[in-house]
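My structure is below; once you've seen it, I'll send some questions.
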Amino acid sequence: SANKGRVVKAQFGIITTITNSIAGIDDNGKLYTSEEITVYKVAQEQNEQGEWVNLDCIAKGKFQVGDVLKTIQIGDGEIVKIDRLFTVSEYLLNVRLGDTVKVVVERGGVATELVFEFNDLKYFNVL
């Protein structure tokens, strides 16, 4: 394979935060937690000095600070609800070079679909 056995993970280039958290009991009597995940930084990362520096990434010009993440989908696959902080990070392990990823965000109260083409290895990190 192109990545010579290394594990590669797709990256958006966003930092997210939990802006709301709800715990409850589902219909089967099981406890659940649902978190609202919001974009905190886009196309920026902290360097060793702790300064924020710009990042060349797929998120640039698409995600906006304050976007609430709702769903994520690879191609025509299953639509996955984003209701935990780790959902997106875990899901991105399934993205392969050439995949199209759709994310629905709530922006200013309006559902907005963002489409990302993972067509370049620079959008992946080697783990």
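The values are calculated or read from the model by the stated rules, or taken from the named source; none is laboratory data. Keep in mind that this is a model prediction, so the values were computed, not measured. Here the Cβ positions follow ideal geometry from the backbone for every residue, glycine too, while neighbour counts run over all protein chains shown.
Which one of these is among the polar types (S, T, N, Q) and over 12 Å from the mean Cα position of the chain (by Cα): Ser89, Ser21? Please lay out each step first, then the result.
Working: Ser89 fails: over 12 Å from the mean Cα position of the chain (by Cα).
None of the others qualify; the one that does is Ser21.
May I pose another question? When you scan the stretch 17-121 for strands (runs of 3 or more DSSP E) that lie fully inside it, which ones turn up with 1 or more residues that are crowded, with 17+ Cβ neighbours inside 10 Å?
Details: elements: 31-42, 44-46, 52-54, 68-74, 100-107, 110-117.
It comes to 31-42, 44-46, 68-74, 100-107, 110-117.
Filter the stretch 46-77 down to the residues that are without any contact (Cβ under 8 Å) to a residue 24 or more places away in the chain and out of contact with any Phe, Trp or Tyr (no Cβ under 7 Å at 6 or more places or on another chain) and list them by number. Full working, then the answer.
If we filter the stretch 46-77 for residues that are without any contact (Cβ under 8 Å) to a residue 24 or more places away in the chain, which is where we start, we get 46-54, 61, 76-77.
Asn47, Glu48, Gln49, Gly50, Glu51, Trp52, Val53, Asn54, Gly61, Asp76, Gly77 - these are the residues of the stretch 46-77 that are without any contact (Cβ under 8 Å) to a residue 24 or more places away in the chain and out of contact with any Phe, Trp or Tyr (no Cβ under 7 Å at 6 or more places or on another chain).
Among the listed residues Glu113, Glu106, which satisfies the condition of being under 18 Å from Gly61 (Cβ atoms) and acidic (Asp, Glu)? If you could, list the steps in order and put the result at the bottom.
Values: Glu106 fails: under 18 Å from Gly61 (Cβ atoms).
From the options Glu113, Glu106, the qualifying one is Glu113.
Could you grab me the full set of residues in the stretch 98-118 that are more than 19 Å from Leu69 (Cβ to Cβ) and at pLDDT below 95?
The answer is none; no residue qualifies.
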